Structures are given as C-alpha cells and as structure tokens.
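Working notes for the structure below.
Bear in mind these aren't lab numbers, they're just calculated from the coordinates by the rules spelled out. Please read all numbers here as calculations on a predicted model, not as lab measurements. Neighbour counts run over all protein chains shown; Cβ positions are idealised from the backbone, glycine included.
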Amino acid sequence: MDEIVETYKGQDLRVQEEIEEEKKRLEDEDEDDILSHLDYKKLEKISEDFKKNPKKGLTLLEYIKVMLKHLEDIKDKVGLVKNLIELFKQIDVNGDEELEWDEFSNHIIELGMVRKDKTFIDAIKNYYASDITDDEKHDTKIEHLYFIEKLKHLLVMERDSKRFKVYDTKTGKFKQNVPDKSGHGGGAVIGADYIESENLVATTSNNNSINLWDSNNYMHRERIPTSEIQLTVKWCEPSKRLFTGGCDSVIHAYDVSELKEIGVREGWNPMKKDKVQHEGPILDLLPIHDQGVLVSCGIDAQICLWNLKNLEGKHTLVGHQLGVYSLEWYSDTNILLSAGLDHDIYIWNPYVEHKIFLLKGHNHSLVGVKHLKGTHQIISADISGMFRVWDVRTFTTIQVFNSPLSEINCFALTYPPKRIVAGGRRLAFYDYDEPTDHHLADDNHCLCVLYNPVFYTFITAHPKCIKVWDACTGKLLSVFRELCKHDITCMCLDERNRKLFVGNSKGNVFSINIKNGAHMKKFEDHKGDVSSLFYWGHKTTLLSASWDKTVKSSDDSTSKPEGDPRYCMDKHRQAVNFIDFKADQAICASASDDGTVIIYNYGSYRQEGILQPHQLQVKICKFLEPYNILASADLYGYIYFWGIMPSAAKNELLCCVKDDIESEVGTIENFPIRAMDFDSESKILYTGDEMGNMYQWDVSNLIEKLSKFDQEIIDKKKTGLDVAEFKKTLNQFEKMDNLDLPYDSHEERKAEVYEEEKSETFLTTPKVGPDGENSTPKIASESNLSSHKDVFLKERWKAHQEGITWITFNQDPKFVATSSFDKNVYIWNDQCEKIGSLVLGHDKKWNIVIDKTEAEQKKIEEAKDMFEEAQKENSSSAEGDSKEKDLRAMEVLRKYHRDKNIRKKYEMEF
C-alpha cells in the first residue's frame, strides 16, 4: 500500500492526507460499504461489462479490472482491490472462481432485502404488565408525569391538586407528598423539571408562579412570580437557563441563581403574521443545545424553532392539523418527533419546514411520544390506553398493547430498570423484558459454538437466533433472528467459512450468508429434527442427519435457490444423533440411538461397517484426524476407539475407556458424553459430559501402536507371510483379560458374545455387510494391538454447571470453546484455564490473543499483485488500442493519397 502512496509524492500535502484518510477508512470497509459507491448508472455499465462474455463469468482479475474502471473516484487503489477481492470471495457462492452477473446482482438484492433489525445486537423486546401496583389514593385523575433521571424519582401531578406525589422509580413505590399538609400552599401544580446544577426541582402552578424545591428533601426554597400561568417548564443545563411557556403564548427565560427573568419572546401579534410566533397557549418546550435551538409547540398546531441564545425566531414546522402536546428529540439521527390531537406521530428534520415521515397506527388523539434514553425505542400512547413501541431505526411497530385503565392522560418512561408508567385514575406499570443476567451468552441455552478464522469471529447457535462475536474482544457483533419459524437445532460452516448451514426442529435445512444473515439456499427437508450437519467441501456436498433415522446428502455446487438431493442413507433403525466425516477416505460415521455407528462410504456409496458393542444410545462420534481412529461414546459414559479404513484394523474395537467419578454420597458414577473434539498436534481428545465436566484424554500411545500394527501388516505383505492368520489372533477370547469393557466380568462378556451368535434379535444379531460377510466388530487384543491403558485421563475439571452441548478445538490460536445448557460459552487454554466468556455484558477479563498481522499482510500483498497485474493488462490493452488507431489512421491516409492520385489521373485524361 505504501508503494502506491509513493506515486503521489509530487502532489501537495493535502492530497496525500486525503489518501491516508481514505486508506484508513478502507482498511475497515467491508463489501457492503463498497456497494454504497455504486449507483444505478454505474451498475448499468458494470452489467454491460459482465455480459460481454455471456457464456461464462468474470475471473477475479477480470472482475478487478471492471470494478477499478467504474470506481475511479477512490484514491487508495490497493485498499480498494483488497476489499474487492473479499467481495468476490463473498459473492462467489458456488466456489467456481468465476463471478456471473446473476451472482453479483443477486448479492446486491439480498443485501437490500435483509431486514436490518434482525441483525441488531440490541433488538427491541416486549413490555409486560409489572407486578408493581399503585396502592396510593389519588383524589383526582393524574394529569402529568415527570421522570427525574438524576434522582430516579417520578413526579405525579393530579388535576387541580396543590400538591404533587413523589415515587421511587426503582421500586415503583410512593415516597411522599409535596408539600405536606403543613407546608407551603399555592396553586394547582402543572409542570416540573430538574435543575441539576442547583439541586432544585422547579414546578409551575396556576397561581402565576414558579416554585423551587430542594431535591434532597423537597423543602420549598424560592418562588418566582410570572405574568401568566406557565403550562410547561424546561431547564437547559449548558446554557444555565430555565425556559417556560404558557397561556400568554410567550416564551420566558429565567436566571435561577438571580431569581429573575432575563429574556422574553413576544406572543401572538396579528399585525406580524410573517414572524415566527404562536397564536395560542404553548404546551411543550424542548431545548436542543447541540443544535442551538429551542423548540416549542402549542394548541395552534404550530411547531416553532428559536435561537437558544437570544430567542430569535428561526422558522416554523408546518404539518399538524390540530394542537401539539408533546415534543421529543432523537439525537442518533437528529430527528424531531411530535404528537398531539392528531392520530399520527410526525417525524421532522429541524432544518426542513415540512414533515419527512408519519408513524401511523393510533386511532385516537395522542397523549405523548417519548424516546427511551440509550435505546432505539420510541413509545407512543393515545387517550384510549393503546401503547405502541416503535423501532426508530426502521420506523416499524415492535409491540402494541392496551392499558387496563379506561382512559389515560399521560405516561412516562423510567430507567433503570426500563419501565413504562401510564397515568389515569391511578398508575399502571409495564416492565421491559430484558436479559436478567448479562453474564450469559443468551436467554436460551447454547447449542453449538464455532470459530471462523476468516473473519476472526465466534458463532453461537441458540434455539431462537444465531450470534456472531468478535474473537479479538469477545464483544457481540450481530444477531441473526427470525431465520426460521421453528427452533434452531444445529449448524456448520462451509470449507471457505463464508456460508453457514442451519437445521431446525421442523426438519428444514438452509444456508445463510455469515456476513449479514441473508438466506441463500434451502435443501431437502427431513421428517424429524435435524440433529447434525457436515459440509464436504471437495464435493460441495452438505450432509444432514436427523431423528427421522436418515442421513441425506445434497448438492451445493450451483447458485440455484434450492440444493439438489443426492442420496439418502437409511440404514439406522432409530434416530441419528451425530455425524462426522473423514474427507481423505470420503467416509461418514453416523451415531444413532439404535446403539450403532455406521461407517458409510460416499465415494462408492457402500456401507463399510457397523460398529455396535455400545449398550445404550450413541450420542457422539469423532474421527481423530489425520489418524485412522474413530471415537464414539454412549449413555453409559464409555468411550470406544475403533480402527478405521485404510488401517488394517478397520472396524475393529481398539479399546474402551471410562472415567469413574465419585459422587457426593461416595458411589462411583459415569455420566453420558455429549460432545468431543480432537487436538491432532498434542494427540489429546477433549470430551464433555451431561454434568458439565470436561476431560482431556491422551491417545498418543494408541495412535503409536496402531501405526506400528499397520506397518507390521505392510511388512508381512511384502514378505509374503499369511496376513489372514496374523489378523485372526485379534479375536482370541483368552487374550481379552486386560480390556476395560462395560461388563461385570470378562467371562460374562464371553458368554454374551456366544449368545449373540445364536440370537436373532436386533440388539445382538451380528450385522451383515453389503458383501455378505459378518460385520460385527472384532475386539482387538492387548498383546497384538492395544488396551485401555493406551488411553489415559490427563485432566478433568468442572467447566459448566449443566450439560455440555458442544466442544470446538482450534489449533491457531490454540484454545477450546465449550457451550452448555447453563447458557454460558467459555474459552479455555490447553492448561484447562478459562481465558474468556462470550457474554452479553462483555467479558472484561477476555484474554484471547489473535494476531491478524500476517493474514492482513498477505491480503495486502495479494491486492498489490492483483492491482499491478490489472494495470499491466490495462496498459497493454491501451497500447494495443493506440496501435490499432494508428494503423487505421495510416490506412485512411493511404486511401486518401491513392484516391487523390486517381483523381489527378482522371483529370489528365479528360
């Protein structure tokens, strides 16, 4: 990138600074941001370039050349090329390294169709009726409610009451009346606000006064007389002014410390209709210090904007037909909201005189509109008691509910906790359904946790959503909600880590874009819950297992919206719980409730074997790649190790181990294994059980012995000895004495095996393979191959409080990620020490170090090379075009001179 910047050395410093700024911006820019540079005119021209070769798509280099031609305004070309390469990889869903126009355009359409609120981290949930009840007696209807954030107090004004009530917003309980019976007298209280710098609460009354109260004890401090009844009062802390508006249509400004009026904006004057002014009582004020304006609204249906310093009129917002009661400011997008006797909420840009949007949905006059601070929630209510919760990011309704009060006059939003308080004949409280514990990954348990090395993210699956977390910080990046109508049950990534395949409890299987959650493709449904998924990248095939007893394979090689079914394996007699795949042999292992593990070859579509000494349901299996061993576990807590093709010990039980845990009452217990993963470098198998225990099993001796055994077989083949006789020794019962199998005695197992040979029942009948041979697994002897001593427990620790659902081991950086029914996701190092937690509130002790430098440098180098190559081709093309133009020009000149000579000759002859 620095080399490209060097080309601009001849330009002035300002241009170089612009390049550096753009370079920095592009470093964090993703493909969505690149697409923001493309308008419809550019897309039309890009479409023409794509369609110049209709038989095939553009290669990466051709695509870079086309995009560079149409994005000339971006100065940092290398940064642009780096992100264009990323965009190419993201769009090329079928992985054919060619980009068709349909793929490119469909990607843009999908981005536009994805509902962004589904990916919001802070999606808005619902409110529900609180257990808090208002037991305080109210003499008249509640007319106004004011929330004092600093004090966490709610001030309640009743109609024609000379006192106001104070409530604690945390508990919702009544605190006191102000003033008390023996205290200060005055008129009926109307409006209130908090003066933070003076620790005072200001109220207005119908006796033409502003009263100031000590915020610590609500003792009366001062009184400021007014010329008319002031209906609203607002304090502006930055400007240290108290603003009021009322029946005189005049805005007043007061200096509280001096207790005097320091400014006034004259009221309605029929002789000055061209000026900004109200023609009736002012009902609400809103100081917006960042914009330097004071906004007012009134019964005259006008919204006026004033200079905050001198109260000079700016302009009037026109649109309301009836009186306006309520104003609110949303600072994130600088929009003004207003509500009143009209049934709609008006959205304004304060610099534009006409409304920019309407929020429709109410059928009665509104009593107010409010924004809940720190959220994207807008709450509105009408006199009938209907409340609407809006997402201001999308202007859509999230929730509608009705208050049990027959009529409401006002409402307030309090926090924390987030709560709506409605005022009518009494108070009604509504609590927000937010996570009760921010130290969890989700409100629901976590089914699976995956690591994505391309985007440096963790992906967690929960029944109702899928979450993406930043692996460098542990912070939540996005949430994909409403992906399907039924609960999510499993997921897996494709080999490029750019697509996520999801299965649910209805049997549906589909893929989504991992960057934005957009649906990409659906696959053949199962008749039961989808229990496990695996993506075979070499053949672009998705394998899905289900409780409907089948394992299905589907084609994912095309960009069609539906994947073509390839094959259905239905050899199991009960639900299939898990599948794993060994790509170099194209074999799939499926674990089932029927107590078997079936090894199926997807290269030849034939069954390679049935592994079945398990006595209960098999819940999990795992290939210990790159070695020829498969591990499986059943509900007894036993872990079985099998030889797998191409080993000579194919389908043979190598050994069986379990961990005896002493319970609180002193008995020995074994717990079912539900999850496992393998560290091939350290030869450690990680397992997790139903009680939240994690285990490290050292299988290095077993791997070494199997390698030696296979080498012996190879050597005997070379020497011409009888290999069959050598392998027969593996089945001799007299050599089983040291095997740790799940039986009370080895003699009992010998007798049971003898009975199995005679029995015709399902659980004990030897299985017959496709070649007609008995495929019941043989048990390898210790003297020839291995024993339980070759697999030993290295470490055990209590990782979770409930059953472990998933284990993911990652080599670089080295860590183990676990998820559980306790709703937690933890990250561990190889020393069994916790180094991070994926939690909603963010783990401050996050200690996972991911070095992106090398990967990012490779991307930059690739972008540089691609940019230089594109430049060379463009130069060659331009040079060729220039030569072609020169040749055409020479031809024209020759033709001209030839024609000129012909004309001369013709003139001489005639």
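Here the contact order of segment 445-514, divided by its residue count and restricted to Cα pairs under 8 Å and six or more residues apart, works out to 22 percent. For segment 250-255, backbone phi angles converted through the Karplus equation (6.51, -1.76, 1.60; θ = phi - 60°) give residue-by-residue couplings of 10, 9, 10, 10, 10, 9 Hz, Gly and Pro being listed as x.
The modelled label-to-label distance for the pair Asn207/Lys181, using points 7 Å beyond Cα in the direction of Cβ, is 1.9 nm.
Each Cα pair under 8 Å and six or more residues apart adds its separation to the average, and for segment 499-547 the resulting relative contact order is 32 percent. With a ≥ b ≥ c the root eigenvalues of the C-alpha gyration tensor of segment 792-850, is it rounded (a/c under 1.5), prolate (a/b larger than b/c) or oblate? Judged from the Cα gyration tensor, segment 792-850 comes out oblate (a/c at least 1.5, b/c at or above a/b). The label-point distance for Asn363 and Trp101, in a model that sets each label 7 Å from Cα toward Cβ, rounds to 5.1 nm.
Inter-part distance, segment 363-392 to segment 609-651, computed on C-alpha centroids, equals 59 Å. The chymotrypsin sites (Phe, Trp or Tyr not before Pro) of segment 327-419 that meet both conditions, a loop assignment by DSSP and at most 16 other Cβ atoms within 10 Å of the site Cβ, are Tyr351, Phe395. If R0 equals 22 Å, the separation of the Cβ atoms of Glu869 and Tyr456 corresponds to a calculated FRET efficiency of about 0.20.
With 27 Å as the limit on Cα-Cα distance, the pairs of Lys464/Lys858; Lys464/Lys549; Lys582/Lys798 that go past it are Lys464/Lys858; Lys582/Lys798. Amide H to amide H distances under 5 Å link Asn651 with Gly643, Ile644, Met645, where only residues 5 or more positions off or on other chains count and H is placed in the peptide plane.
Among the chymotrypsin sites (Phe, Trp or Tyr not before Pro) within segment 574-666, those in coil by DSSP and having at most 13 neighbouring Cβ atoms inside 10 Å are Tyr605. Available extension along the chain between Lys485 and Asn829 is 120.1 nm, counting 0.36 nm per residue and deducting the alpha carbon span. Taking a ≥ b ≥ c as the square roots of the eigenvalues of the Cα gyration tensor, segment 325-455 is classed as oblate, since a/c reaches at least 1.5 and a/b does not exceed b/c. What the phi angles of segment 223-231 give under the Karplus curve with 6.51, -1.76 and 1.60, with θ = phi - 60°, is a coupling list of 9, 10, x, 10, 6, 9, 5, 9, 8 Hz, glycine and proline written as x. Is segment 580-687 rounded, prolate or oblate when judged by the Cα gyration tensor, a ≥ b ≥ c being the square roots of its eigenvalues, rounded requiring a/c under 1.5 and prolate requiring a/b larger than b/c? It is prolate, given that a/c is not under 1.5 and a/b is the larger ratio. Under the simplified labelling scheme, the Lys844-Lys798 pair shows an inter-label distance of 2.5 nm, with each label point 7 Å from Cα along Cα→Cβ.
Pairs over the 22 Å Cα-Cα cut-off, from the set Lys705/Lys794; Lys485/Lys527; Lys152/Lys845; Lys622/Lys814; Lys571/Lys619; Lys181/Lys240: Lys152/Lys845; Lys181/Lys240. Summarising the amide proton neighbourhood of His462: residues at separation of 5 or more, or on other chains, whose placed amide H is nearer than 5 Å comprise Leu447, Lys467. Annotation note: GluC sites (Glu not before Pro) in segment 646-702 located in DSSP loop regions with a Cβ neighbour count of at most 15 within 10 Å are Glu664, Glu681. Here the contact order of segment 327-409, divided by its residue count and restricted to Cα pairs under 8 Å and six or more residues apart, works out to 19 percent. Applying 0.36 nm per residue to the separation of Leu616 and Lys162 and subtracting their alpha-carbon distance, the gain on full extension is 155.8 nm.
Using θ = phi - 60° in the Karplus curve 6.51 cos²θ - 1.76 cosθ + 1.60, the 3J(HN,Hα) couplings for segment 141-158 round to 5, 6, 9, 9, 10, 10, 9, 9, 4, 5, 8, 6, 10, 10, 9, 10, 9, 9 Hz; x is entered for Gly and Pro. If R0 is taken as 45 Å, the Cβ-Cβ distance between Arg223 and Asn402 corresponds to a FRET efficiency of 0.60.
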